[in-house]
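Structure incoming, see below.
What follows draws every value from the coordinates through simple rules; no lab data is involved. Since this is a predicted model, take the numbers as computed values, not measurements. Backbone-built Cβ (ideal geometry, glycine too); neighbour counts: all protein chains shown.
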């Protein structure tokens, strides 16, 4: 298997993971009163649609649209401490598997794709609620590499890393805007 096939496979896996998480995360109506079955620990799932812009060192800019999915590695922790104001407290997991897949257009009208697979963690910080490390694939630059992934105010994703290619290695930076921010300003 050559390098191009491998990076294309990684991008397709990122798209598939995002789509699978989005399909599995159907909103459930909240019960009016807590039911014992509803208090069972579950995995947390985050899915979002996004639009983004990215660039690789010396290779131009690409614009993409796609999906992001994150699934908690551990289940929620349900406790019933005496000091909990509602009787039952649910503690969110810290680590999440992260997948992102996006398609778009690059300079000169070429097909663009971006895929990410990795692990992100809740930080406990309102400004940067999630941060982690991902493996990144970028087309049409046909580059792969490690990157840091940050969510800013839970509305904007920032990815920065170093990507390796056959002809050129370089710095990569990408910014994704999640659908919630677009909805709040009236664009969706």
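How would you rank 128-138, 170-180, highest first, on the average number of other Cβ atoms within 10 Å across their residues? Mind showing how you got there, number by number?
Numbers: 128-138: 20.5, 170-180: 18.1.
Packing proxy ranking, top to bottom: 128-138, 170-180.
Now, a different point. Label points 7 Å out from Cα along the Cβ direction at residue 131 and residue 105: separation in nm?
3.6 nm
Of 139, 149, 80, how do they rank once you tally other Cβ atoms within 10 Å and put the fewest first? Each step should come with its number before you reach the end.
Details: 139 20, 149 24, 80 10.
Ordered from fewest to most neighbouring Cβ atoms within 10 Å, 139, 149, 80 come out as 80, 139, 149.
Further question: What's the ranking of 120-127, 95-102 by average number of surrounding C-beta atoms within 10 Å, highest first? Mind showing how you got there, number by number?
Details: 120-127: 13.4, 95-102: 23.5.
Descending mean neighbour count gives 95-102, 120-127.
Ok, one more. Give the residues of the stretch 130-164 whose amide nitrogen is closer than 15 Å to a point set 7 Å from the Cα of residue 173 in the direction of its Cβ.
Under cut-off, by backbone N: 148-150, 157-163.
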